[in-house]
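Let me begin by presenting the structure, written as structure tokens, before commenting on it.
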Amino acid sequence: MSVVQRFDGLEEEVREGVGERIVALRRDIHREPELGFDTEKTAGKVLAALDGLPLDIQTGVAENGVVATLKGEGEGPTVGLRADMDALPIREETGLPFASQTDGKMHACGHDGHTSMLVGAAHALSGMRDRLSGNVKFFFQPAEEGGGGGKAMVEEGVADDVSSIFALHLWPGVPFGKAATKAGPIMAAADAFEMTVRGAGGHGAMPHLTADAIAMAAQIVTALQTVVSREVDPVEPAVLTVGEIGAGTAFNIIPETARLGGTVRTLNEDLRRTMPERIEQLARGVAQGMRGDAELDYQFSYPVTMNDEEAARRALGVARDLFGEENTLELPNPSMGAEDFAYFLEKIPGAFIWLGVGEDVSGLHTPTFAFDEEILPLGSALLTALALESLAE
């Protein structure tokens, strides 16, 4: 049976079989967003939605993650499909009838959709076990938004038997229903730093008797912009952003310390490893030149999300057969955003795929982010097709 024949009608089959169910699940998850590893209620909703399927289920993975295994009728490898469950500390402003009922928490990155789409794929594939020469593992992961839940799952060994793995992310800016990916880096490494600038405080009317930490911090912020603009090869993507600055307690007091916080994004591991030393050298040089000093606390976080070449090619091929050439895009460039699916991809060949929700949709991590739920069965169908293609006889 050809790939095209195998996928013919799959989207409609998923829509008719689980379309209403996954929309209802998405709304239920959206109403009660949970942060980080604290996704107990969300995991419970996932388990309820999987009830009755022929799955071996493991709970309590990475605290509140769920791993469900579907055994095919034929012998073969195990393919992984992953979705993230956690929300963001954002107050929702969508006006949706199923908006967050928890003030200050919101699904502003589509994880409610990702989880629901993966549940839809689990239902669809459970009815297709005769087509599977191998097994499918469904990973429902907590703590993607900064907690490193993917790393925790990998370290617990639940992916040790997986030979290839795929994940989807709903993506504003890409036309609705269009699948997009690329071989190699698709999202950047994301590291974080905090810096304490130290001077000598005093009266605002007597600056000559102080070493002004605010003035040092301001100069450091300006100087740090040259790390990328003057010390990184212009064709090498890199971002250095200072996103936090704080100092002082009163208008007429020059404070002793100031604090900076920021992020560094890179695609090249060698460049990534040089950044802390250069940032510290530059900041300390500026501060010492103004009779102060600076201390850097640099944290390496999510690595580059690196798609395997063959897996990316498979994903693009499956998307073309399922959605058509016009709804498939091979990305020319990666995003400098980050994603902790990278930890799975460090261990297992696989691909991260963007699924477009429209070019006029509010951006990710905004209080107005919302998407047309017609995308959900499309995502379930794509995940289902990826598993079928990976485990075809």
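The values are calculated or read from the model by the stated rules, or taken from the named source; none is laboratory data. All of these numbers come straight from a predicted model, not from anything done at the bench. Cβ coordinates were reconstructed from backbone atoms using ideal geometry, including for glycine residues, and neighbour counts include every protein chain displayed.
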Practice task
Could you tell me whether region 110-124 includes any residue that is closer than 30 Å to Glu16 by Cβ, in contact with a His (Cβ under 6 Å, 6 or more places away or on another chain) and in contact (Cβ under 8 Å) with a residue 40 or more places away in the chain?
Solution key: yes
Problem - In region 234-248, residue surrounded by the most Cβ atoms within 10 Å (Cβ to Cβ) [restricted to those that are farther than 18 Å from Ala188 by Cβ and either of a type outside the set (Val, Ile, Thr) or touching an Asp or Glu at 6+ places or on another chain (Cβ under 8 Å) (or both)] - result: Ala247
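Rundown of residues vs (1) over 22 Å from Ala338 (Cβ atoms); (2) in contact with a helix residue (DSSP H, G or I) (Cβ under 7 Å, 6 or more places away or on another chain); (3) surrounded by fewer than 16 Cβ atoms within 10 Å (Cβ to Cβ), yes/no style:
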position	(1), (2), (3)
Ala179	no, yes, no
Gly201	yes, no, no
Thr210	yes, no, no
Ala213	yes, no, no
Val232	no, yes, no
Ala250	yes, no, yes
Leu260	no, yes, no
Arg265	no, no, no
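Table: residues versus (1) over 30 Å from Arg314 (Cβ atoms); (2) among the basic types (Lys, Arg); (3) in contact with a helix residue (DSSP H, G or I) (Cβ under 9 Å, 6 or more places away or on another chain); (4) surrounded by 23 or more Cβ atoms within 10 Å (Cβ to Cβ).
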position	(1), (2), (3), (4)
Arg21	no, yes, yes, no
Arg27	yes, yes, yes, no
Phe37	yes, no, yes, no
Ala43	no, no, no, no
Val66	no, no, yes, yes
Lys71	no, yes, yes, no
Ala83	no, no, yes, yes
Glu93	yes, no, no, no
Ala99	yes, no, yes, no
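Restricting the search to region 220-266, which residues are of a type in the set (A, V, I, L, M, F, W, C), touching a residue at least 12 places away in the same chain (Cβ under 8 Å) and assigned to a loop (DSSP other than H, G, I, E, B)?
Once the filter is applied, which keeps residues that are of a type in the set (A, V, I, L, M, F, W, C), touching a residue at least 12 places away in the same chain (Cβ under 8 Å) and assigned to a loop (DSSP other than H, G, I, E, B), region 220-266 yields Val232, Phe251.
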Exercise for the section: Give the number of residues within region 267-302 that are closer than 23 Å to Ala213 by Cα, assigned to a helix (DSSP H, G or I) and basic (Lys, Arg). Expected result: 2
Practice task
Please work out which one of (1) surrounded by fewer than 24 Cβ atoms within 10 Å (Cβ to Cβ); (2) touching a Ser or Thr at 6+ places or on another chain (Cβ under 9 Å) is the condition Val61 fails and give its number.
Solution key: (2)
Problem - Options Gly19, Gly76, Gly80, Gly104; residue that is assigned by TED's automatic domain parsing to the domain that holds Gly157 and in a loop (DSSP other than H, G, I, E, B) - result: Gly104
